[in-house]
Every structure is written in structure tokens, then in C-alpha cells.
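This report refers to the structure that appears directly beneath it.
The values are calculated or read from the model by the stated rules, or taken from the named source; none is laboratory data. Here the structure is a predicted model, which means the values were calculated and not measured. Here Cβ is always computed from backbone atoms with ideal geometry, including for glycine, and neighbour counts include all displayed protein chains. Just so you know, the surface numbers come from the protein's heavy atoms only, side chains and all, with ligands and any DNA or RNA stripped out. Shrake-Rupley method; radii C 1.70, N 1.55, O 1.52, S 1.80 Å.
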Amino acid sequence: MRRRATIALHWLNLLLLLFVLGDGGATAWLSLLYAACALGMCALALVFGLMSGPGPKLEGALRILHPWFHRALYALLGWGAVVLAAETLGHTLPGPAARQLLLSLLAASAIHAVFNLWRHTALGDGALRRITPRRIHPIL
């Protein structure tokens, strides 16, 4: 159940993030839906822990930094969701605007994706199998 929920929210968050950023003026319901999905994914991670690990083939500094980078991604995901929800509801929070945070999240997500593609192909540790539905595994 946790795996399915995490995978579904992971990909739904990416899709909704692209929709929210794509227009520059997303509708209120779309912004709140994104915020709810992002905070739901953060809640899953807080309650059950992260569903990630460095894998046995990742070594050195990358192995040590891996969980901290993941935590930072989740922090950015949650922070952006809270600020977006607040702005959508007419409140301004101190700090960066939601669009700035979401653009930062998109950039960090791109780095995250490239890193996991590298892990999956260069290290051959099956990193993509962890976050893709089982039906996709045969083509990985």
C-alpha cells in the first residue's frame, strides 16, 4: 500500500508541478490539488520513512549524501506546497514566492532524475524499479 501510494503521488506530483508551472497562472483548484498531493507524499515519508536508499553499488560521498539529498527534496516539496496553498488562499508567507520555490523544485527534480538514470544505467542497481510501477519493470 505504501509503495503504491508513494509511486502514484511521485508521478502525480511531477505532472501537477508541470501543469502549475506551465501556465504561470494555474487555477486555484489545480494549485490546491498539487499542494494536497505534495503534502500527502511528505506525510507518507514522515510517518513511514523514506522509500529510498543508496543501494549497494553507490559508494563514497554519494552514498553518505544520498539520504540528505532526499530529505532536502522532500523539504523543498513540502515548503513549496505550503507556500503555494497559502498564496492560493490569499495569504503571503515570508520567504520566496511559490513560483520561485516550485521552479527550484523542478530544477532539483531534474537533477534527481538524471542521477537516478545514471544509477540505473551506469551502476545497474535497478534504481528506477523502486519508483516505477511493476508493469514498467520489463522494459527497464
- Message: Looking for something basic (Lys, Arg), open to solvent by less than 40 Å² (accessible area, probe 1.4 Å) and under 19 Å from THR132 (Cα atoms) - is there at least one such residue anywhere in segment 4-12?
- Response: no
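Being open to solvent by less than 60 Å² (accessible area, probe 1.4 Å), touching a residue at least 24 places away in the same chain (Cβ under 8 Å) and over 20 Å from THR132 (Cα atoms) narrows it down to one residue among ALA38, ALA85, ALA45; which is it? Walk me through how you get there before you give the answer.
Details: ALA38 fails: over 20 Å from THR132 (Cα atoms); ALA45 fails: over 20 Å from THR132 (Cα atoms).
Step by step, each of ALA38, ALA85, ALA45 is checked, and only ALA85 is open to solvent by less than 60 Å² (accessible area, probe 1.4 Å), touching a residue at least 24 places away in the same chain (Cβ under 8 Å) and over 20 Å from THR132 (Cα atoms).
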- Note on the structure: Only one of LEU33, LEU12, LEU21, LEU44 is in contact with a Leu (Cβ under 8 Å, 6 or more places away or on another chain) and within 16 Å of LEU106 (Cα to Cα), namely LEU21
- Query: If we scan segment 62-70, do we find a residue that is under 12 Å from the mean Cα position of the chain (by Cα) and of a type outside the set (Ser, Thr, Tyr)?
  - Reply: yes
- Query: Given the conditions (1) within 23 Å of MET1 (Cβ to Cβ); (2) modelled with pLDDT under 95, which single one is not true for GLU59?
  - Reply: (1)
- Message: As an exercise: evaluate ARG129 against (1) surrounded by 15 or more Cβ atoms within 10 Å (Cβ to Cβ); (2) touching a His at 6+ places or on another chain (Cβ under 8 Å); (3) not small (Gly, Ala, Ser) and give the number of the one condition it does not meet.
- Response: (1)
- Some residue of segment 26-33 being closer than 23 Å to THR121 by Cα and open to solvent by 20 Å² or more (accessible area, probe 1.4 Å): no
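Which ones in segment 92-122 are in contact with a Ser or Thr (Cβ under 9 Å, 6 or more places away or on another chain) and not hydrophobic (A, V, I, L, M, F, W, C)? Steps first, answer last, please.
At the first step, the residues of segment 92-122 found to be in contact with a Ser or Thr (Cβ under 9 Å, 6 or more places away or on another chain) are 96, 98.
The one that is in contact with a Ser or Thr (Cβ under 9 Å, 6 or more places away or on another chain) and not hydrophobic (A, V, I, L, M, F, W, C): PRO96.
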- Do we find that LEU73 is in contact (Cβ under 8 Å) with a residue 40 or more places away in the chain and either of a type in the set (D, E, K, R) or surrounded by 12 or more Cβ atoms within 10 Å (Cβ to Cβ) (or both) in this structure? no
- Which condition number does TYR74 fail, the rest of (1) over 25 Å from ARG119 (Cα atoms); (2) out of contact with any Ser or Thr (no Cβ under 9 Å at 6 or more places or on another chain) being met? (1)
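What residue, among those in segment 116-125 that are of a type outside the set (Gly, Ala, Ser) and open to solvent by less than 50 Å² (accessible area, probe 1.4 Å), is nearest to LEU77 (Cα to Cα)? First the steps, then the outcome.
Narrowing segment 116-125 to residues of a type outside the set (Gly, Ala, Ser): 116-121, 123, 125.
Then keep just the ones that are open to solvent by less than 50 Å² (accessible area, probe 1.4 Å); that gives 116, 119-120, 123, 125.
Details: ASN116: 18, ARG119: 22, HIS120: 24, LEU123: 27, ASP125: 26 Å.
Only one residue tops the list, namely ASN116.
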